[in-house]
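J.: Quick one: structure below, then a few questions.
The values are calculated or read from the model by the stated rules, or taken from the named source; none is laboratory data. None of these values were measured; they are calculated from a predicted model. When we count neighbours, we look across all protein chains shown, and the Cβ atoms used for this are built from the backbone with ideal geometry, even at glycine. Accessible surface is based on the protein model in full, side chains and every heavy atom, while ligands, DNA and RNA are left aside. Shrake-Rupley method; radii C 1.70, N 1.55, O 1.52, S 1.80 Å.
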Amino acid sequence: MIVLGLTGSIGMGKSTTAKMFVEAGVPVHDSDEAVHRLYAGQAAPLIESAFPGTVRDGVVDRIELSRHVLGDTAALKKLESIIHPLVRADANAFLERSRAAGAPIAVLDIPLLFETNGRGRVDAVVVVTAPADVQRERVLARPGMTEQKFEAILAKQLPDAEKRKLADYIVDTGNGLEPARAAVQAIVAQLMVGKP
């Protein structure tokens, strides 16, 4: 089974591209969705223990948690040391299920794939990209997003140009859904060559 890593900076259209892989019959593990699930389950008591007052009714209160970790590098590292291993275990279980089901390709949607040294976990990397003005417009349209938050997020991410240099495949979402969908289908078709 080929394991594809799907990544891209904020606002590039990664979630939409992940859905296109699902439409093409490829199972996708979404790291963000896994975090939401873990925050409502396995991770909640661990996070409450590390950051008291951040869990309500057994679910991590993301707003309260962000108050504890925003701008505090040590606190953020502590949170990452709790959540990253759980997400990785969740992804590994997904890969095992996909392998057992006979999937020829599986996708790990990892927002910070390069930033967290995740390249070794995958066989090839798909980077989702879009022009900077399109990215900015998409992100600033999100509820609660500010120019300052956007710049802070970008500062933590490897620049798009660097990601594209490291990519095995690129999906540009700046020209609309159909060209992006065609790019996804072409990647799947290329990877299926030589598969039984």
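J.: Confirm whether A124 is surrounded by 12 or more Cβ atoms within 10 Å (Cβ to Cβ), touching a Leu at 6+ places or on another chain (Cβ under 7 Å) and not assigned by the TED database to the domain that holds V22.
T.: no
J.: What do you reckon, is I105 within 22 Å of H36 (Cβ to Cβ) and surrounded by 13 or more Cβ atoms within 10 Å (Cβ to Cβ)?
T.: Considered against the rule, which asks whether it is within 22 Å of H36 (Cβ to Cβ) and surrounded by 13 or more Cβ atoms within 10 Å (Cβ to Cβ), I105 comes out as no.
J.: If L112 meets every condition in (1) assigned by the TED database to the domain that holds E162; (2) crowded, with 20+ Cβ neighbours inside 10 Å apart from one, which number is that one?
T.: It is condition (2) that L112 fails.
J.: Take segment 22-45 and flag every residue that is crowded, with 17+ Cβ neighbours inside 10 Å and within 23 Å of N117 (Cβ to Cβ).
T.: The answer is V28, H29, D30, S31, A34, V35, L38, A43.
J.: Related question: So is V139 open to solvent by 50 Å² or more (accessible area, probe 1.4 Å) and within 27 Å of V22 (Cβ to Cβ) or not?
T.: Answer is no for this residue.
J.: Still on this structure, I have one more. Give me the residue from segment 142-169 that is among the acidic types (D, E) and in contact with a strand residue (DSSP E or B) (Cβ under 8 Å, 6 or more places away or on another chain) and, out of that set, least open to solvent (accessible area, probe 1.4 Å).
T.: Filtering segment 142-169 for residues that are among the acidic types (D, E) and in contact with a strand residue (DSSP E or B) (Cβ under 8 Å, 6 or more places away or on another chain), the one least open to solvent (accessible area, probe 1.4 Å) comes out as D160.
J.: Report whether or not R99 is closer than 29 Å to M1 by Cα, assigned to a helix (DSSP H, G or I) and open to solvent by 90 Å² or more (accessible area, probe 1.4 Å).
T.: Taking the combined requirement at face value, the residue satisfies it.
J.: Report, ordered by the first and then the second residue, all pairs with beta carbons closer than 6 Å, sequence separation of six or more or different chains, a first member in segment 143-162 that is touching a residue at least 40 places away in the same chain (Cβ under 8 Å), and a second member that is open to solvent by 50 Å² or more (accessible area, probe 1.4 Å).
T.: The qualifying pairs are L158/E115.
J.: Across segment 114-170, which residue is modelled with the lowest pLDDT among those that are within 19 Å of V69 (Cα to Cα) and charged (D, E, K, R)?
T.: In this case the residue turns out to be K156.
J.: Tell me which residues, restricted to segment 79-96, are surrounded by 16 or more Cβ atoms within 10 Å (Cβ to Cβ) and charged (D, E, K, R).
T.: Scanning segment 79-96 gives R88, D90.
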